[in-house]
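The structure under discussion appears below in the form of structure tokens.
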Amino acid sequence: MEKLIKAWFIVTLITFGIFKLGEVMTQPYSEAPSEGNVYWIVLLIGWPFVLLFMWITVRLTLRVVASVRLFGKIGLAIGSLIMAGIAWVTNQSQAASLREGIRVSTNESFAEGWNQFTNIIYMNQLTFFFLTVSCMGIGILLSFMPFQKQQEEPE
């Protein structure tokens, strides 16, 4: 368990760095468009870490929550749904505000899709938080399922 926690911490730092680069590498929409979205290089290198982060988070949550009583599991499941909902709504309102700002700028053709001005919509701290809480919620929901280790029975 201790190795899993250490691995989760390291992969979390790397994954958060990938999401933070999305914010840092986003060009302000008040500037002229450049040669494109260089953030794809970060995503190309970083997507295995994001997948590993998701897998370790679900697995760690499942192992930790397995010992919690049913009432606690229900509370954790409801709490994770509420936190994910708050992150989703907040991110959507920020995305709508950013898109409106792009529409009134000289770069209005870039208001839709994922481009050099909209990285921050898809790769920011709220998206990272939503991903984390969602993976934890999946781990909590999986803890309700009865998993039994299959043992070979002698014939």
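Inside the stretch 65-87, residues that are farther than 29 Å from E31 by Cβ and touching a residue at least 40 places away in the same chain (Cβ under 8 Å) make up a count of 10.
Remark: L52 falls outside the filter, which requires a residue to be out of contact with any Pro (no Cβ under 7 Å at 6 or more places or on another chain), in contact (Cβ under 8 Å) with a residue 60 or more places away in the chain, hydrophobic (A, V, I, L, M, F, W, C) and crowded, with 16+ Cβ neighbours inside 10 Å. Listed conditions (1) under 21 Å from I121 (Cα atoms); (2) crowded, with 16+ Cβ neighbours inside 10 Å; (3) of a type outside the set (D, E); (4) modelled with pLDDT of 90 or more are all met by V58, apart from (1).
Of the listed requirements (1) at pLDDT below 90; (2) surrounded by 12 or more Cβ atoms within 10 Å (Cβ to Cβ), T15 misses just one: (1). Looking across the stretch 135-155, just one residue is more than 11 Å from A77 (Cβ to Cβ) and at pLDDT 90 or above, and that is C135. The set of residues in the stretch 1-36 that are in a helix (DSSP H, G or I) and of a type outside the set (A, V, I, L, M, F, W, C) comprises E2, K3, K6, T12, T15, G17, K20, G22, E23.
The values are calculated or read from the model by the stated rules, or taken from the named source; none is laboratory data. Predicted model only: the values in this text are computed from it and were never measured. No Cβ is skipped: glycine too gets one built from the backbone with ideal geometry, and neighbour counts run over all protein chains shown.
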